[in-house]
Structures are given as structure tokens and as C-alpha cells.
Amino acid sequence: MTNRTDPDHASGHHEDHVLLRTEGHAAYITLNRPKALNALSHPMVLRIGQALATWADDPTVAVVVIEGAGERGLCAGGDIRAIHEDARTGGGASADFWRDEYRLNALIARYPKPYVALMDGIVMGGGVGVSAHGSVRIVTERSKVAMPETGIGFVPDVGGTYLLALAPGELGTHLALTGTPVGAADALLCGLADHFVPSAALPAFARELASDSVHCVLDRHVAQPPSGDLNASREWIDHCYAAGTAEEIVARLRSSGVPAAKAAADTLLSRSPTAVKVTLAALRRARRLGPLECVLEQEYRVSCTALSSPDLVEGIRAQVIDKDRDPRWSPATLEEVGPAAVERYFAPLDAHELRLVETASSQEVVW
């Protein structure tokens, strides 16, 4: 393996968490925290962004590939233990992290060269952000793709509300509110991925990108995915999730007579009521906002507001810190979350706004 380009000159052990190498005309990014399921930290986001900016201008690099180390997945999301600590102590580190993470998501979406994401195994939250905005998104029979934020009192971010708002019918609303993970066929159906490649073929697939065109390599390896679940559920999903409010969605799910719909209602009711209502509002607003950059700016407002909400600290405590899986949400029911409580998540941050729209109009890769 040649190491022709290492765009990062920073020191410190964080470098080991993102491995960069080039081979032939391909550049490879490996997320390398397998024990933490390759969870993203702020230094990792900065390192990826710097590498992408350098490779965009490097005529010897024709394609960029992102993959995860270990057997379990590409990336389970952002480092929520760090976010928990920050939220608990009232720090500002998470807002800084999200600012750069969302900038990276926008950079990936506008990248001038093929960006190939190997979405094998677990791809959740921030993992979706570094993969599903790419131009060539590969899923395997092991893929589990999800935006599970409502389960920790948070709201889908990293452009997740943009992607899910574009899914057919109300499939994205179902996935966003419940956090349900999807396999390969359903990820393809929802527009979160482009091609299915069997996991056994991934090493050869990634290797061949160094010497052959993306088109030719895809031709050799793309196969039919195992069948999914969502297509057969479209009727009840589209009907139930088209309701005007979260309460009405639950009522429709419960009265539909479909066991899977009732299960979805139970799941939804186990999530943070505030997060569910804000997520529904964010998705519906995202449909009207236009480009990804506008949606990321909205998500930044929502995420920063969530940082001071009791449900984010409590949700991470219950799921990740104490693992008792018994969060005490505040307020505890959907009915108690009024319109004003939702509206405040979308209030401008004034001097602290994330501004991506003006940089999107230039074709330059800025990092």
C-alpha cells in the first residue's frame, strides 16, 4: 500500500481513528475505532474533511472510498458519551462538533469526485451522515441502517431529515419517528443507498476501485438484495403517518388492525415525546426547505436546542450509560408537548447560526 497523500499533519492518537491511504487512483478512508463501533469524534470529522479537501484538488485521485474497521459496521454514529457529558455540564463542545460534522455532510453531498460508501453492518446516525450523502452508496446483506435518535431524546440530524423527507410516501416519517433499522432492500427503497453488493465481495470491490472505473467495478459486483419489509407495508405506513399530529398518527396505527402498525405505535410511544413531535415538524419543514444545506442549518438549530433539553441527557443515560432502558421522559406524554415547546427548537440562533447556503453556491471544495 502506498501512502502517497496524507492530508493531515495534526499530531495525537486521534489520527489512528481515521486511517488514510491511496492506492492506484483511489483514496481510502477507514474509520478505525472498532471497539466503539467506529463512532465519530470531532477530531475524526476534521481529519476526514481535510482529507477530502486535499483529494478534491489531487489529479491522481479519481475516487474516494469510505469504510469501517472491524466486523460490526461502518459507523454507529457520533460519540454520544461525549455529548452526554457536554449536555450534563452545559458545555459547548457538541455544538462545535455538530457545526463541523454538518459541514462535512454537505461537503460529501457536493463532492466533485465519486464518493463510494461501504455501508456494511451497522450504519446509524452520524454513520448515515458520512455515507448516505455520497454518490455511490453500497449496502450488503449485513447492513442495518437507522436514524434512532428519538430513542435517546434527540432528533435525526446529519441531513437525516433531508434524506428521510425524500423517501417515498411516508416511509421516512415511519423510520424517523420510530428509529427502526432497515436492511439492504429497504435502504434502497427509501433512497438511503444505491446498490447491493454481497459482503463477501466487498474486499475485492474496494480493491478494484484502485485500478478500474466505478462503473466497471459496479457492473462486476452488484447483485439482487434479499427482500425487505417496507414495500408490503406501504399502505398502512402511508395512511397512518400522513396524519396531522403525532397523537393522530398513534391513533391511526393502533386502529389499523395491522400487527406491525400496532408494534410501531408501541415503539413510537416508548420514544421521547418531545423528540417525536420535533422530528415530525422537522421532517415536514424539510420537505419545503429545498437543498440539503438549508435542512442542515435547520437541524443545527434543533440539535443545539436539544442539548439543553432534559430528554437528551436522560435518553443517553438510559440507553448507553446505565443501560436500564427505562428513560423517564419529561414531559412524559405526547399530549403534554404543546406547539410552543416544539416551535422553540426552530428559533434562530442569531450569531451562532450554522451558515452553509452561501458556501454551497461556489463550486470550490472549502474546508
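The values are calculated or read from the model by the stated rules, or taken from the named source; none is laboratory data. From a predicted model like this one, the values you see are computed outputs, not experimental measurements. When we count neighbours, we look across all protein chains shown, and the Cβ atoms used for this are built from the backbone with ideal geometry, even at glycine.
Of the residues making up the range 268-293, those that are surrounded by fewer than 17 Cβ atoms within 10 Å (Cβ to Cβ) and at pLDDT 95 or above number 7.
Within the range 194-208, is there a residue that is among the hydroxyl-bearing types (Ser, Thr, Tyr) and either buried (at least 16 other Cβ atoms within 10 Å of the Cβ) or touching a Ser or Thr at 6+ places or on another chain (Cβ under 7 Å) (or both)? Yes: the range 194-208 contains one or more residues that are among the hydroxyl-bearing types (Ser, Thr, Tyr) and either buried (at least 16 other Cβ atoms within 10 Å of the Cβ) or touching a Ser or Thr at 6+ places or on another chain (Cβ under 7 Å) (or both). Scanning the range 132-150 for any residue that is within 22 Å of residue 29 (Cα to Cα), without any contact (Cβ under 8 Å) to a residue 12 or more places away in the chain and over 10 Å from the mean Cα position of the chain (by Cα) turns up nothing. Residue check: is residue 176 farther than 30 Å from residue 334 by Cβ, small (Gly, Ala, Ser) and part of a helix (DSSP H, G or I)? Spelling it out, it is not the case that residue 176 is farther than 30 Å from residue 334 by Cβ, small (Gly, Ala, Ser) and part of a helix (DSSP H, G or I). In the set 154, 205, only one residue is under 23 Å from residue 102 (Cβ atoms) and not in a strand (DSSP E or B); that residue is 154.
Out of curiosity, is residue 83 farther than 18 Å from residue 143 by Cα, out of contact with any strand residue (DSSP E or B) (no Cβ under 8 Å at 6 or more places or on another chain) and either surrounded by 17 or more Cβ atoms within 10 Å (Cβ to Cβ) or in contact (Cβ under 8 Å) with a residue 12 or more places away in the chain (or both)? Considered against the rule, which asks whether it is farther than 18 Å from residue 143 by Cα, out of contact with any strand residue (DSSP E or B) (no Cβ under 8 Å at 6 or more places or on another chain) and either surrounded by 17 or more Cβ atoms within 10 Å (Cβ to Cβ) or in contact (Cβ under 8 Å) with a residue 12 or more places away in the chain (or both), residue 83 comes out as yes. Would you point out which residue out of 153, 134 is touching a helix residue (DSSP H, G or I) at 6+ places or on another chain (Cβ under 9 Å), buried (at least 24 other Cβ atoms within 10 Å of the Cβ), more than 19 Å from residue 171 (Cα to Cα) and not hydroxyl-bearing (Ser, Thr, Tyr)? Unique residue meeting the criteria: 153.
Yes/no per residue for (1) part of a helix (DSSP H, G or I); (2) within 23 Å of the chain's Cα centre (by Cα); (3) closer than 30 Å to residue 305 by Cα:
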| position | (1), (2), (3) |
| --- | --- |
| 212 | no, no, no |
| 216 | yes, no, no |
| 235 | yes, no, no |
| 244 | no, no, yes |
| 248 | yes, no, yes |
| 251 | yes, no, yes |
| 267 | yes, yes, yes |
| 281 | yes, yes, yes |
| 284 | yes, yes, yes |
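When each of 364, 358 is tested for being assigned to a loop (DSSP other than H, G, I, E, B), free of Cβ contacts under 8 Å to residues at least 24 places away in the same chain and more than 22 Å from residue 89 (Cβ to Cβ), the lone residue that passes is 364. Of everything in the range 217-263 that is touching a residue at least 12 places away in the same chain (Cβ under 8 Å) and under 30 Å from residue 62 (Cβ atoms), the residue that is surrounded by the fewest Cβ atoms within 10 Å (Cβ to Cβ) is 224.
The listed residues are 27, 39, and the only one of them that is buried (at least 21 other Cβ atoms within 10 Å of the Cβ), at pLDDT 95 or above and farther than 22 Å from residue 212 by Cα turns out to be 39.
Just one residue in the set 54, 60 is surrounded by fewer than 21 Cβ atoms within 10 Å (Cβ to Cβ) and assigned to a loop (DSSP other than H, G, I, E, B); that residue is 60.
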